[in-house]
Structure formats: structure tokens, C-alpha cells
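Everything on this sheet refers to the single structure shown next.
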Amino acid sequence: MQKTILLLLFSLYFLPSRAIQQIRWGSSADPLHGLCITWQNAGISDSIQWGYTPLMEAGRFKGIQRSGYTDNFFSYTFPTVTPNASIYYILYDSGSNSWSPQLIFKTAPPFSTSAFSFLAMADSRNGMAVWTQITNLANAKNTDFTIFTGDITGDATDNLQWDDWFNSSAIFLQNNIVYFCEGNHEANDTAKFQNNFTMPMANGSKLHYSFSYGNAIFICLNTEQIDAEEYNWLISELQANSSKTWKIIYFHRPFFTIGNHAGEMDTYLNSWWAAFDTYGVDLLINGHDHMYERSKPINYSLSPASPVASYGSGPGQGRCEIVCGGSGAPLYTGSASWFIQTYQSNYNFCKFNVNDSTMIDSTFDNSGNLIETFMLDKTALGVANKTQLFNPVSIFPNPATNSFTLKYSANECGNAIISITGMNGKVIYTSKVQKTHQDFEYKIDAGKFPKGVYSVEINIDHQKDNALLVVK
């Protein structure tokens, strides 16, 4: 072994090094089991040398060759890897008889961890400048894996677009495990989409799958080829994982959205969404509409036209749906609706931190500015801030032209701050008021507000409630 290492180190110094193309990390299971690295080359017999120290003591292994959309793909699947470790590795290019520079990949915490983090993003399409901004910022968050909810390129049949996408996010893909779901733009070439990435499989397909990690189950659904088999599989997965603390489902087309694609999933409210309600799904992550949206707690089976009081998986609690389709595709706008808690027409990505019974989401724009942060809390009864309550906020008239009246009903009384924020994240109005009764009314002059959609928020102590306002 020592002789092999010395010969390898000699070759590193005396053979020219070459940047290997399109390195990406994936997994056929969770982030520690089934971990796989894939790269692209013109050679026919590439290999990898790796280990947990710079000497790469695990040895040299031949890559598995398969056809890529250009040249060849080579993949190597690691045995179960050591948690919280650094994998040092180099890749051999058989076409040029040279090795890559030494690279380092950080592995995830132990499988049984109760504290981990992940990213969510979607809809890069042809916006490569923004995609590079998003991925560079995301890479700096040092999370354990990433969920990408579809529409990677504008046209999945176009090899040049795939090249642009891989090259524009090379640093991010070199350092992060990514789990993908198919979007409508990948549906143009489903075979190429599945071939490009390593993901878990269900019934021989990567189009829907699941994996467990920590105290959570992650379920990927496919909204482009919905059938009875997928629905039955979803039910079986939810039943089998009913004891998990966190149930997280991700797919491309959102149910509750104020963007261009509103209503596209209505057909499945009484099947898919009913299952989400029945089994207490905590979080839904989508793309497709190019904006950031967070829903109010929705339990459609219980209350199909208004939100329920709180997020959670218990009886009477509601699902939290997030649309984070802002990784480069042209931005969309929307209008006020009962089911939206927060909305911004900004490029964005989300970082989720799970710590046992709490999950905190921090959403950032493509300049690294914080759009919002909120917490899902499932701690034991009697612990403060168990759930986030949603008190009714109404605005009349809405749309407004010159002025409007804000009506708010909540048990909290005392000093209140009313703020109005545009969809670009800029605060255009603030007022400190005194709330002395449960029911509160306040009139605001909107004559000088530019036309558009705004978020009106009332903050009393730690309680925040808001509604959307349209100014004509």
C-alpha cells in the first residue's frame, strides 16, 4: 500500500493535472448510504483515488462507465462512509492520462442524527448568471444535502444548456449532494434527466422515491406523469413512516400558489392533498412558479376555503407549503389570496435547520439578503411557542385605491408595529400603535403607495400575522 501511495504521489507531481468536467454528488439512498460521485470525460477507463486523509489511503477504484449526453459519464459509489468526515480524492482522466487536483468532500452527520440541515431551490432554467449567484451563496451555507424541485434547464433535450448549467454551478455541485425531482422542462427528455443524476429509486424509476434521514422521511413525487401506481406508493410510504417526527414531501407543481400556474394541481386535492392531511405531512416544497411563497397552515380536508390556526401534524393543524422557484428563471408576480402568508417576487433559495422537534427555515435572495425566517415547532405540550398561531387579518377595501381599514382579531394586546412591505422586500410603511382590545381596527392612507401587491404585517411581542394588500 505504501508503495502504491508513493507511486501515486509521484504521478501527481510529474503528470499534468486536468480539471475533470461536471463533477456531481448524489445518492441512491440517504446522504451516507449510497453516496455516489459522477464526472464526465472523453476517456474510456477513468478511476478515483480517495481516503479520509490527504494520502487517500482507501485506494484506487475504477469508475463505472455509462453513456452521457456528450462523452462518457463515470460513477463511483462509496461504501457506507464515515459521518462528519472529509473525503480526499482525485480523479483520473484516461483520455489525457492525467489526474485532477486533489479535492475534498464533507460527509453528513450520522444517520440517526436529530440535528441536520438542507437546502431547497428550483427553476434555474436559462438564467445562468442568477443560478451562479444562488449556488455560490448556497454552497457557503455548508448544509448536509440539497433538494431541487425541477426545471433545471429550459430544454432538457439541448446538450449545450446542460453544459451551461453544470459549468455555471461547478463549485456547488462539487461540494453538495443534490436530490432532484422532475419538472415540466425535464419531461421533454425524461431518460436524459434520470441518466444525468444519481438518486434513489422506487419501482425501477427515479421519478418518485423516498429516503429517511435523522428523524425525517423525505418523499419525492412526480407531477409530470401522475398515475395510480404513484398514489398507492405515496400512501404506503406515509403509512410506513407515520412515526417519523418530520414528514417532508417535494415535487414540482404547487397546489396553493398565486403565480402563473395556479390551479394546475386542483384535480388532485381530493387524493394527494387529502393524503397529506390524513397523515399529517409537515412541509411541502415546490417550484414551477418563479417566486417565493409560504402558505398559511392549510388543512383542505377540514377547511377548504380558509387557513386553520396553526402548522403541525396533529388533528386540526395544517400543512406548510413553500414555493422556492427562483433560481434563475424569469420571475412571476401574483395577487392576494387567503392561503398565502408571505410572498416575494424575488430570486431565492431556502435553508432548513432541523434540531430534533424544531425546524427553522431561512430564505435568502440572490444577493444573500434574508427574505424571511420562520419556525415549525413540534416540542412537547407545555413548552412555550409550541405552534405558530394565525390570527385573522382582513383589509377593506382590497384592492385599495386611496385608503383602507385594517381589521385584526387577536388575544395579544399592547404595543403593536404595523409594517407594509413590497414584493421586492422593501418596507414602504411602518407605524407603532397601541392595541387595547381583542378586536382592533386601523385606517391607513394608501394614496401615495405605488400600484402593486404588498404584505401587511402586525407584530405584537412574538406574535406576527399578515395579509396581502393590492393597491390599484
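Of the candidates K386, K407, the single residue that is more than 30 Å from Y347 (Cβ to Cβ) and either at pLDDT 85 or above or not in a loop (DSSP other than H, G, I, E, B) (or both) is K407. Can you tell me which residue among D155, D144 is in the same structural domain as N369 (by TED's automatic domain parsing), surrounded by fewer than 17 Cβ atoms within 10 Å (Cβ to Cβ) and of a type in the set (D, E, K, R)? Being in the same structural domain as N369 (by TED's automatic domain parsing), surrounded by fewer than 17 Cβ atoms within 10 Å (Cβ to Cβ) and of a type in the set (D, E, K, R) holds for just one of D155, D144, which is D155.
Kindly indicate whether G414 is in the same structural domain as N402 (by TED's automatic domain parsing), surrounded by fewer than 11 Cβ atoms within 10 Å (Cβ to Cβ) and at positive phi. Steps first, please.
Values: in the same structural domain as N402 (by TED's automatic domain parsing): yes; surrounded by fewer than 11 Cβ atoms within 10 Å (Cβ to Cβ): yes; at positive phi: yes.
When the stated conditions are applied, G414 passes them.
Determine whether segment 67-87 contains at least one residue that is modelled with pLDDT of 95 or more, over 23 Å from T143 (Cα atoms) and of a type in the set (A, V, I, L, M). Among the residues of segment 67-87, not one is modelled with pLDDT of 95 or more, over 23 Å from T143 (Cα atoms) and of a type in the set (A, V, I, L, M), which makes the answer no. Exactly one residue out of S242, S236 is surrounded by fewer than 17 Cβ atoms within 10 Å (Cβ to Cβ), more than 24 Å from V456 (Cα to Cα) and in contact (Cβ under 8 Å) with a residue 24 or more places away in the chain, and it is S242. In segment 30-50, the residue that is nearest to S212 (Cα to Cα) out of those that are over 30 Å from the mean Cα position of the chain (by Cα) and small (G, A, S) is S47. The residue that is farthest from G68 (Cα to Cα), counting only those in segment 146-171 that are assigned to a loop (DSSP other than H, G, I, E, B) and polar (S, T, N, Q), is T149.
Scanning segment 79-110 for residues that are exposed (fewer than 14 other Cβ atoms within 10 Å of the Cβ), part of a strand (DSSP E or B) and in contact (Cβ under 8 Å) with a residue 60 or more places away in the chain gives a single hit, K106.
The values are calculated or read from the model by the stated rules, or taken from the named source; none is laboratory data. Remember, it's a predicted structure, so these values are computed and weren't measured experimentally. Positions of Cβ are generated from backbone atoms using ideal geometry, with glycine treated the same way; all protein chains shown enter the neighbour counts.
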